[in-house]
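So the structure is just underneath, and the comments pick up after that.
What follows draws every value from the coordinates through simple rules; no lab data is involved. Quick caveat, the model's predicted, so the values are computed rather than measured. As a convention, Cβ positions derive from the backbone with ideal geometry for all residues, glycine included, and neighbour counts pool all protein chains shown.
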Amino acid sequence: MKLQEHLAGHEPELRDLVLKIGESGKKIHRGFASRQSVSNTQNVYGETQMALDKWADQVLIDDLRASGLVRHLASEEQPDVLEFEGAKADYGITQDPLDGSSLIGVNLAVGTIIGIFKGSVLVPGREMVGAMYILYGPLTTLTYCLRKGVHEFVLDDNGDYVLQKENIRIPDGKIFAPGALRKNYLFGHMKWIEALEAEGYKIRFSGSFVADVHQILHKGGVFTYPGYVGKEGGKLRLLFEGNPMGFIVEQAGGATSDGRMSLLDIEPDGVAHRVPIYVGGKKEIDLIHKFNSEV
Ligand code: F6P
Ligand code: MN
């Protein structure tokens, strides 16, 4: 089944929005080979931008502006929320155009992460109407959730997104993807990591958040980029990374946390809000809450 048919039961504007983003994803998928250089700029977080980061950002901005469906757009590569005057619908989008882009030079999987809101994007993630990500690996896949299950499509040789897996549920699994340096772990986090290791969890951390969470969604376990000594507020971004991927994992039966509460209940203090991130199975998230409540 093609993506368009699968979206048939949804409101037409929302369906068109997911399809438009899918089309932007196809353009990004085709753009990798010719845009491998590093640009001479940094984003607002001080990260070196790749030519592809900036180009993918512009592809999405141009396509979403032209769609007439989006009024507010926040991007990891932009300092402020963009406003599109005259849009016929009132959707708000958060976009990380190319997450994991430090891996472009070594040809590992990267992806586009999207959050979809009705109206403003500066509200808790719990208010999202949907989220999706496009993963550019050996296959290009599109995973979407509009509050009716999590579904995955693969881009086929004809350029169509074709259903690969419907109603994905996160299984039990024993892998973990732990970001940051062990020497800087905070006390509760260290105890939690030791407990996972004692249970036989294996490390799988690529440096691409979207790819690592995708793996956890399919194999179980937990991703974390915690707060740590010197950066207690964490590294990853609530709006662009934590919320959309967290929304998908929660809808697939998993859980999220900043170490104490669901990411989706956090009130953002601005577009650049960073947060400690835990995304994965309920039992792993319950366990970090237990260790953090003891400190
Ligand atoms: O977007 C930030 C990001 O590249 C994530 O995709 C990834 O999980 C993380 O940073 C990797 O950070 P580090 O290089 O500190 O391991
Ligand atoms: Mn990112």
Once exposed loop GluC sites (Glu not before Pro) are cut out (DSSP; at most 12 other Cβ, 10 Å), longest piece of the chain: 1-84
Sparsely packed trypsin sites (Lys or Arg not before Pro) within region 30-89, loop by DSSP, other Cβ within 10 Å at most 14: K88
Chymotrypsin sites (Phe, Trp or Tyr not before Pro) within region 1-77, DSSP loop, no more than 14 other Cβ atoms inside 10 Å: Y45
Inter-label distance for R65 and R30, nm, one decimal - labels placed 7 Å from Cα along Cα-to-Cβ: 2.1 nm
Convex hull of region 153-295 built on C-alpha atoms - directionally averaged projected area, nm²: 9.4 nm²
Region 255-295-region 126-193 distance, computed between alpha-carbon centres (Å): 17 Å
DSSP beta bridge pairing in region 175-293, given as percent antiparallel to the nearest 5: 65 percent
Residue-averaged 222 nm ellipticity for the chain, from DSSP H runs of 4+ at -39500 (n - 2.57), nearest 500: -9000 deg cm²/dmol
Filtered chymotrypsin sites (Phe, Trp or Tyr not before Pro), region 82-131: DSSP coil and at most 10 other beta carbons within 10 Å: none
